[in-house]
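Asker: Please read through the structure below; I'll follow up with questions.
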Amino acid sequence: MKPAAILCAVIVTAAFPGSARASELFAGFHVHDVKTPLDKAGIESGVDLSLGFRSNSIGHLWGGALRPYIFGAINSAGNTDYAAAGISATFPLGHQWYFRPGIGLAIHNGSAGKYFRTDKIAFGSRVLFEPEVGIGLHLNRSFSVEASWVHMSHGQLAGKENPGIDNLGMRLNLAL
């Protein structure tokens, strides 16, 4: 087995004891570094291909099921790759629709520099906040599909320069 696969298995096992009862695997694609009002980027390109999972609910908050998640994303153009872990809450909206906000931490292999660059995003920190939002539809008991937004930045905790990054895309979820 490759070292990266072994490392992922160790992280999943350590982060989510009882992961054999994990409730969802997900895979997705996101347009990388979409220019929005929330970032100063729009520098990098490509598509992020991601794979991850969400565990069973560990509780509820305001009617939403709290679920830890972990995923990794690889950029198709050789730009910033990242891995993130956090917690999300799934809120039913009716007629099979749901809303899923989440907050986590991400680690990336892009520039951790603190000064603006024209060739890549200078994130200012190796570890970033990773808020995300998904709006989805349960297709049946096993599959759901969601539109999702993933943001990463240091929230100006590592300095005033905070370009951040926004990724917009889709995820397919498989209930286990």
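Asker: Can you sort Tyr82, Tyr115 by 1.4 Å-probe accessible area, starting with the largest? Show your work: numbers first, answer last.
Answerer: Numbers: Tyr82 15, Tyr115 170 Å².
Accessible-area ranking of Tyr82, Tyr115, largest first: Tyr115, Tyr82.
Asker: Same structure again: How much FRET efficiency would the formula 1/(1 + (r/R0)^6) give for Leu137 and Leu176, where r is the Cβ-Cβ distance and R0 is 25 Å, rounded to 0.05?
Answerer: Here the calculated transfer efficiency is 0.85.
Asker: Next up: Taking all protein chains together and a probe of 1.4 Å, list Met170, Met152 from the most accessible to the least accessible. Before the final figure, lay out each step's value.
Answerer: On the way: Met170 75, Met152 0 Å².
The ordering from most to least exposed comes out as Met170, Met152.
Asker: So how long is each side of the range 45-176 along the principal axes, counting just the alpha-carbon atoms, biggest first, in Å?
Answerer: Computed over the Cα atoms, the extents are 47, 30, 20 Å.
Asker: For the range 49-124, what are Rg and Dmax over the alpha carbons, in angstrom?
Answerer: Computed over the Cα atoms of the range 49-124, radius of gyration and Dmax are 16.0, 47 Å.
Asker: Loop-only GluC sites (Glu not before Pro) in the range 92-173, please: DSSP not H, G, I, E or B, and at most 15 other Cβ atoms within 10 Å.
Answerer: Numbers: sites: Glu132, Glu146, Glu161; in loops: Glu161.
Within the range 92-173, the qualifying GluC sites (Glu not before Pro) (loop, at most 15 other Cβ atoms within 10 Å) are Glu161.
The values are calculated or read from the model by the stated rules, or taken from the named source; none is laboratory data. Just so we're clear, the structure is a prediction, and the values are computed from it rather than from any experiment. Positions of Cβ are generated from backbone atoms using ideal geometry, with glycine treated the same way; all protein chains shown enter the neighbour counts. To get the accessible areas, we keep the full protein, side chains included, count just its heavy atoms, and leave off ligands, DNA and RNA. Shrake-Rupley method; radii C 1.70, N 1.55, O 1.52, S 1.80 Å.
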